[in-house]
Structure formats: C-alpha cells, structure tokens
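Below: one structure, written as structure tokens.
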Amino acid sequence: MGTTEYASVIYDDTPDYFPALIAADVYIGYGTSLGRAALVSGKPIMLLGSRLSHDSLVPAEAFYYVGEERWVERLASLAEGDDPKTAIRKGCLRGIYNNIDGTSGQKILA
C-alpha cells in the first residue's frame, strides 16, 4: 500500500469478508451483519453513524463511535490492544448467543 497514514487500512468490498475480519485489529463500520460477525470475533468495534438505540440486544456502551471526543486517539490505542470495553462485549454475547465457547454442535438444548 505505501507509507501513507492509511497504509494499515483494509478496505474490503469483496463477497468474502472473513480474511479481512481475521486480519483486522479493529472493525470500523456499521452495526450490520458484518458488525455482528466482528462482535463474535472479540475484536474492538468502532461504529460509524449514531449510537445504538436503548432497546438493542447489545448495549451502546459496548462500542466506540466515530465522532466521539478523541476518537482518533482511541482508535490508535485500540489497534495497539488497549480495549477497556472487552468485558462488556463478551458479557453481552453470553446473553445473546448459545455455545460461544466453541462447543456448537456438541450440546443440545432441551
């Protein structure tokens, strides 16, 4: 890519998003199905647009938002592994998805 300030950015518009999602340190995008896949990946998520509504299954506090105060600095620290909201996201996943521990297909819910 080069030595510009965007050298570490992946813009992916291909049908198979998994390679980019796996390679990324932070997901920046909307709360779409791709955003939900990023949520399950455990990676930090910075959402474009407005905050999630209060009736969302995942609390708005689990994410970072473009446009918040000092969001550029926050993005840099997220890329370096400093993610204070990890526990919030992991906790809400347990209330939404079954078998997030990798045992899908090994347990049968009655």
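Coordinate-derived values only; no laboratory data. This is a predicted model, so every value here is computed, not measured. In this analysis, Cβ positions are derived from the backbone assuming ideal geometry, glycine residues included, and neighbour counts consider all displayed protein chains.
For SER41 and VAL9, calculate 0.36 nm times their separation in residues minus their Cα-Cα distance, and state this gained length in nm to one decimal.
Numbers: separation 32, 0.36 × 32 = 11.52 nm, distance 1.82 nm.
The SER41-VAL9 span can extend by a further 9.7 nm.
Hey, with R₀ at 30 Å, roughly what FRET efficiency would LEU34 and GLU69 work out to, going by the Cβ-Cβ distance, to 0.05? Mind dumping the intermediate values first?
Working: r = 26 Å, r/R0 = 0.87.
In this case the efficiency is close to 0.70.
Taking H placed 1.01 Å from N in the peptide plane, check which residues at least 5 places from TYR65 or on another chain put their amide H under 5 Å from its amide H.
LEU47
Relative contact order of segment 18-96: what whole-number percent is it, with Cα pairs under 8 angstrom and at least 6 residues apart? It would help to have the intermediate numbers written out before the result.
Details: 86 pairs, mean separation 23.0, N = 79.
Value for segment 18-96: 29 percent.
Step through the residues of segment 30-42 one at a time and calculate ³J(HN,Hα) from phi using the Karplus curve (6.51 cos²θ - 1.76 cosθ + 1.60, θ = phi - 60°), rounding each to whole Hz and writing x for Gly and Pro.
9, x, 8, 4, 5, x, 5, 5, 5, 4, 5, 5, x
Which whole-number value in Å³ per residue fits the convex hull of the alpha carbons of segment 18-96? Walk me through the numbers before you get to the answer.
Working: hull volume 7.0 nm³, N = 79.
Convex hull of Cα atoms, per residue: 88 Å³.
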